[in-house]
Amino acid sequence: MTIAIRAFDPGSPTAATDSEAAAEVLRAALPYLVVTPRTLGWQVANSPAAQHHRLLLAEEDGRLVGAARTGIYYDSSEPGQAYLNLYVHPELRGRGAGRALLAAGEAYVTGLGARTNFCWSLDDEHSIAFAERNGYRRGRSAHFQRLPLTDGSLPPLPPVPPGVEVRTGTSFGDDLREIWAADNETSGDVPDDVDPAPIDYDVWLAQYWEHPEHDRELTSVVTVDGVVAALSFAITDGASRYMSGLAGTRRAYRGRGLAKLAKSSSLHRARAAGYTEAFTNNDAGNEPMLAINRWFGYERCATEIRWVRELTG
Ligand SMILES: CC(C)(COP(=O)(O)OP(=O)(O)OC[C@H]1O[C@@H](n2cnc3c(N)ncnc32)[C@H](O)[C@@H]1OP(=O)(O)O)[C@@H](O)C(=O)NCCC(=O)NCCS
């Protein structure tokens with residue numbers, strides 16, 4: 001068996017079939033993700049230059065068996081940090097695709113000057129052995145959780161206190177600076193191995209607000225006396241799956257039920273729009289967010305581990 005690695009090229013005549021096949025591999029390897037072929041291509045074509053984002057494809061005898069998303073954490077407070085997330089089709093593990101993707105990805109980010117590499121893997125025996133054998137040490141872990149939206153599991157919307165308003169993302173039109181500021185403040189408080197630096201408004205607009213899977217109508221923003229206090233971002237596949245992006249409450253407004261309210265209204269609208277399954281992913285130490293998700297009735301479906309390795313060049 002020979003594994004060949006190549007970089008996905010959004011301009012190539014095979015781009016559509018490549019991104020379809022890569023999305024299929026990602027969905028099979030990690031069924032809790034919301035990922036579409038469109039997003040895979042969009043990320044390669046539209047990520048900031050400083051991110052150097054690449055989608056690597058692993059082929060065995062012309063069949064796509066694995067993929068990796070790799071690049072530089074351009075928004076990290078520490079320079080030289082890279083990411084390399086590998087996905088091999090579960091039926092085609094143990095044939096060298098993971099090792100080939102890892103070698104190609106590490107060489108790529110080392111060539112960009114990265115000093116530390118971060119990878120996510122599922123918390124299973126095969127993935128743990130693979131990471132340890134390749135010199136990686138454990139970082140934090142996170143839990144994927146799932147909530148069916150079809151069986152009456154979703155609790156009723158909590159009461160809206162006086163002075164509080166729940167709005168959709170679209171209701172803000174082009175006036176998004178307050179939402180951007182709330183996102184920057186709250187994403188800095190998410191427990192993570194990589195500390196984010198605040199990002200510029202234009203980058204935030206292009207990378208998050210205008211992301212092809214961001215559903216602005218399902219995103220909720222809670223205001224208190226007209227000021228943005230909490231938000232809950234909605235990512236969807238446009239068909240049946242909903243994934244929570246950042247849920248956050250500005251520091252001055254925490255502990256008043258506002259994150260729960262924001263996420264609840266977003267989930268209710270998602271259900272009304274026909275979405276049948278909701279997913280979320282939280283750091284294993286994020287007690288307030290895990291408490292909120294337990295209240296919704298989310299059940300843990302998988303745990304993933306962050307792995308770290310210093311690159312020696
Ligand atoms: C997580 C976060 C969104 C919560 O916002 P909030 O508006 O304070 O949340 P709420 O008031 O709606 O609910 C907080 C819940 O956590 C519970 N909680 C708070 N601290 C807790 C702790 N240390 N352990 C367990 N539960 C805790 C509260 O009791 C409450 O649950 P309850 O309503 O059942 O009593 C906010 O802390 C935040 O913005 N953090 C940074 C961003 C982040 O980590 N987002 C989640 C990842 S996407």
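A compact table of results
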| item | result |
| --- | --- |
| For Y108, net neighbour charge (Lys/Arg +1, Asp/Glu -1) across residues whose Cβ lies under 13 Å away | +2 |
| Where the Cα pairs of region 3-114 fall when distances are cut into 10 Å bins, in % | 15, 47, 33, 5, 0 |
| Label point distance in nm, E20-D225, each placed 7 Å from Cα along Cα→Cβ | 5.6 nm |
| Modelled FRET efficiency - R0 30 Å, R300 with E78, Cβ distances, 0.05 increments | 0.50 |
| In degrees, nearest ten, helix 37-46 long axis to first principal axis of the chain (Cα) | 80 degrees |
| For the chain: span of alpha carbons on each principal axis (Å, largest first) | 64, 41, 38 |
| Neighbour net charge for R309 - beta-carbon separation under 13 angstrom, K R +1, D E -1 | +1 |
| Net length gained if the chain between R137 and A45 were fully extended (0.36 nm per residue, minus Cα distance) | 29.9 nm |
| For region 246-272 versus region 11-63, the gap between their alpha-carbon centres in whole angstrom | 31 Å |
| Environment charge of G139, counting only residues whose C-beta is closer than 15 Å and scoring Lys/Arg +1, Asp/Glu -1 | -4 |
| Contact order normalised by residue count of the chain, Cα under 8 Å, 6+ apart, percent | 22 percent |
| In degrees, nearest ten, helix 15-29 long axis to first principal axis of the chain (Cα) | 80 degrees |
| Label point distance in nm, D202-R256, each placed 7 Å from Cα along Cα→Cβ | 3.5 nm |
| Rough spin-label spacing in nm, given labels placed 7 Å along Cα→Cβ, for A107 and E310 | 2.4 nm |
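All of the numbers you see were taken from the coordinates with simple rules; none came from a lab. A quick note: this is a predicted structure, and the numbers were derived from the prediction, not measured. In this analysis, Cβ positions are derived from the backbone assuming ideal geometry, glycine residues included, and neighbour counts consider all displayed protein chains.
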